[in-house]
1. What Rg and what Dmax come out for the range 38-171 when only alpha-carbon atoms are used, in angstroms?
2. If you fit an axis through the alpha-carbon atoms of helix 471-480 and take the longest principal axis of the Cα set of the chain, what angle between them do you get, 0 to 90°, nearest 10?
3. Can you list residues from other chains, or at least 5 along the same chain, whose modelled amide H is less than 5 Å from the amide H of TRP66?
4. In whole Å, how far is the Cα centre of the range 89-107 from that of the range 238-275?
5. Just want the answer: with Cβ charges of +1 for Lys and Arg and -1 for Asp and Glu, which residue in TYR116, LEU93, VAL68 is farthest toward the dipole's positive end in the chain?
6. Net charge near ILE111, counting Lys/Arg +1 and Asp/Glu -1 over other residues with Cβ under 12 Å of its Cβ?
7. Treating only the Cβ atoms of Lys and Arg (+1) and Asp and Glu (-1) as charged, compute the dipole magnitude of the range 327-427 about its Cα centre; round to the nearest 20 debye.
8. Add +1 for every Lys or Arg and -1 for every Asp or Glu among the other residues with Cβ under 15 Å from the Cβ of GLY60, and state the total.
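The values are calculated or read from the model by the stated rules, or taken from the named source; none is laboratory data. The structure displayed is predicted, hence computed values, not measured ones. Reconstructed Cβ throughout: ideal geometry from the backbone, glycine too, with neighbour counts over all protein chains shown. Heads up: the accessible areas ignore ligands, DNA and RNA and are worked out on the full protein's heavy atoms, side chains in. Shrake-Rupley method; radii C 1.70, N 1.55, O 1.52, S 1.80 Å.
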Amino acid sequence: MYRFLINETAKHIGEKVKVAGWVNSRRAHGKILFIDLRDRSGILQTVFTPSNKETYELAGQLRPEWVVEIIGQIVKRPEQMVNPKMETGQVELSVESLNVLSKAETLPLSIEGDGYDIGEEVRMKYRYLDLRRERMKNNLIARHKVIKFIRDFLDKEGFIEIETPILTKPTPEGARDYLVPSRLNHGKFYALPQSPQQYKQLLQVAGFEKYFQIARCFRDEDPRGDRQPEFTQLDLEMSFVDQEDILDLIERLYTAIVKIIAPEKKIQQVPFPRIPYSEVIKKYNSDKPDLRKNKNDPNELAFAFVVDFPLFVQQTKEDFFYGAGEKLAPSHHMFTAPKKEDVSLLDSDPLKAKSYQHDFILNGYEIGGGSIRIHDPKIQNKIFNLIGFTSEQKNQFSHMLEAFKYGAPPHGGIAPGIDRFLMILNNEPSIREVIAFPKTGDATDLMMQAPSEVDIKQLKELQIKTVSITNTKAKKLDKAKKPAKRPAKK
């Protein structure tokens, strides 16, 4: 017999249906027993009477969160028992048969309410239970809707979704890589991608012109409320475009998302403001200001783009990362193109050069960033020299310089973060609330107990040996390897 989702049942009054889900609550009114059944689509009141003795007695044993299957007839509720707050509030299920599929022990945490009052350690350890609460379910459904909308929108715009490798090459790009040892090539390592930056540029060289993917990215940085070791971004690249083409596309996309997915939200200004970096720093002392006129209104969305960034910033000894030489660091990343009128400054005064970088901001958060990229190998090599790359470091990007020799189109892109945008859209205090299985504040997964030690056999197979060091030595090593405090590439 076909199983109906609960939100479909109100359309089948008078019909026999089968439903399945979790016992949300039970209550008795005299001899009649009511069980509220919950599945992912909603809640349905089911009614057990003593006339069906065997089923009635079994129903008396039910406890919250047991998983059951129920067959019965959908009937209208008595007028005085209609619940207008529920999608199924006008109907109920008159039960004919009950099958217990799984029993549940008393839950280690309450799944009623929003869960904000429950400690993070408990919620993360039992995340599969925490996700049963209505708020968390709705957050993940909203995530699904936004990502599906993005895919459909970009498909209509002529973009092609292409997956890029997760196992890639360690390169010095501004943040720590997560390293993966190679079993077949001892002493060598893959890196998890900080973003698909190099691959999406190479796809432009390959001639795809309009690329995107919903990309998983990995950066070994200290977690915050709006940052995780692994996260999701809309990765997007286009050929034969200027900066305004990219900003216009993103403006149209996000305006449409809000209109269709979150119509209760109000966008403060369309077109989104384009604010020069020097102006935003002078006026707000921040490159990601909260531009809302009423900051107490959670339904107000103040989108904006920050443009005209400096191409370089001066490094200090404390955050020096890229190499020797002029001690310059890219303001964005090393593939960002200088403004055409400032190319000559690369030889005379590079700190005065501005770039085609663009940051996408919303309500005090940077939710994305990108740039027009360098496609001339001579300029790319010059940037490497200015940031002090050694020959060895430049050689790590030889594939990029080689590719640019064979007809590279002018191109650019942007990478809005999915998690931060959803955090703001759902009025959540942290991106952990919109990710199914996030890490805690110290980058651990309490549910899976990761990271964890591995079997010595695995280490031997990889020819890896762990070494114990003192806390003092560890601090010195960490300080010596500390990367530059620069915005990670997009």
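1. In Å, with Rg to one decimal and Dmax whole: 21.4, 73.
2. The helix 471-480 is inclined about 60 degrees to the chain.
3. Sorted by chain and number, the residues that satisfy this are VAL23, ALA104.
4. 46
5. Towards the positive end, the residue furthest out is TYR116.
6. Taking every other residue near ILE111 into account, the sum is +2.
7. 160
8. Local net charge: +4.
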